[in-house]
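Engineer: Sharing a structure below in structure tokens format, with a few things to ask.
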């Protein structure tokens, strides 16, 4: 599992911010520059317009200080905190033209990441009191995975693998190809174990309780129950009997996630955390 900290990925984060600013300022700011004098000093507040969970204040601040290192950005609410309409999340003070040039990019990051954190927090609350963890997936916007997985962490979720090199995850298409060679689930797990360094975890998708048990007995570190019904999940959990970690995946939503957690699975992965989160409504207001 991954413990996401932006400080561990600072060069990549800075590159993401620089690319975003290059995209927005490629032709300069032909509105601000002729209308607002360069020496104009001001102060702005980033204000929540809806209830949610905040993530991305560090990125918003980095946007402004990348444009102008003399801007003073102050986060008043830490990532992972709940906000309501009217709450001031942060302030930025200094050159008004610089603030205006960074406004949209800073808000884009903050709104998107806070939307992911907000949705994650809703899923986490839905399984409150049960041991199941809520995990993200690799269903992220290309190039933004670091930020999106950080936002999941801020919302109380747990990060699954960051990339294909983090752990072995044998999925349906791998299995389909290997079954053509006459391999069963247990054979596939053992082959992966024989060819993989011992410190790397091995996970495999299964679609029925019998395959889940076979995978666990073969030594899989994690057995994924892929798109199983609740009854089949309960059967798989009972057959595995805590021999390994059990993950539920596929078809999980807010209507059924508590029932899924009640089957006894350890992890529940939810692609919607990153691919379907609605941006949190946040605005920037010049106040002085």
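The values are calculated or read from the model by the stated rules, or taken from the named source; none is laboratory data. Keep in mind it's a predicted model, so treat the numbers as computed, not measured. No Cβ is skipped: glycine too gets one built from the backbone with ideal geometry, and neighbour counts run over all protein chains shown.
To keep it simple, each residue is scored yes or no on (1) crowded, with 24+ Cβ neighbours inside 10 Å; (2) assigned by TED's automatic domain parsing to the domain that holds residue 281; (3) within 14 Å of the chain's Cα centre (by Cα).
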| residue | (1), (2), (3) |
| --- | --- |
| 99 | yes, yes, no |
| 103 | no, yes, no |
| 108 | no, yes, no |
| 115 | yes, yes, yes |
| 118 | yes, yes, yes |
| 132 | no, no, no |
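Engineer: Still on this model: Please list, ordered by first then second residue, the pairs with beta carbon atoms under 9 Å, 6 or more apart or interchain, first in the stretch 2-19 and modelled with pLDDT of 85 or more, second surrounded by fewer than 12 Cβ atoms within 10 Å (Cβ to Cβ).
Structural biologist: From residues that are modelled with pLDDT of 85 or more, the pairs are 13/7.
Engineer: Give the residues of the stretch 267-287 that are surrounded by fewer than 16 Cβ atoms within 10 Å (Cβ to Cβ) and touching a strand residue (DSSP E or B) at 6+ places or on another chain (Cβ under 6 Å), sorted by residue number.
Structural biologist: 283, 285, 286, 287
Engineer: Checking residue 223 against (1) surrounded by fewer than 16 Cβ atoms within 10 Å (Cβ to Cβ); (2) in contact with a helix residue (DSSP H, G or I) (Cβ under 7 Å, 6 or more places away or on another chain), only one condition comes out false. Which one?
Structural biologist: Among (1) surrounded by fewer than 16 Cβ atoms within 10 Å (Cβ to Cβ); (2) in contact with a helix residue (DSSP H, G or I) (Cβ under 7 Å, 6 or more places away or on another chain), residue 223 violates only (1).
Engineer: Could you count how many residues in the stretch 142-178 are touching a residue at least 40 places away in the same chain (Cβ under 8 Å), assigned to a helix (DSSP H, G or I) and touching a strand residue (DSSP E or B) at 6+ places or on another chain (Cβ under 8 Å)?
Structural biologist: 5
Engineer: Follow-up question, since we're still on this one. Just for helices (runs of 4 or more DSSP H) wholly inside the stretch 1-84: which have at least 3 residues that are under 29 Å from the mean Cα position of the chain (by Cα) and exposed (fewer than 12 other Cβ atoms within 10 Å of the Cβ)?
Structural biologist: Those helices (runs of 4 or more DSSP H) span 10-24.
Residues are listed down the side, and each one gets a yes or a no for (1) modelled with pLDDT of 95 or more; (2) within 25 Å of residue 277 (Cβ to Cβ):
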residue: 35; (1), (2): yes, no
residue: 38; (1), (2): no, no
residue: 58; (1), (2): yes, yes
residue: 67; (1), (2): yes, no
residue: 70; (1), (2): yes, no
residue: 75; (1), (2): yes, yes
residue: 87; (1), (2): yes, yes
residue: 91; (1), (2): yes, no
residue: 107; (1), (2): yes, yes
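Engineer: Is it the case, given these coordinates, that residue 121 is within 16 Å of residue 254 (Cβ to Cβ) and in a helix (DSSP H, G or I)?
Structural biologist: yes
Engineer: Right, next: Among the numbered criteria (1) touching a helix residue (DSSP H, G or I) at 6+ places or on another chain (Cβ under 7 Å); (2) assigned to a loop (DSSP other than H, G, I, E, B), which one does residue 100 miss?
Structural biologist: (2)
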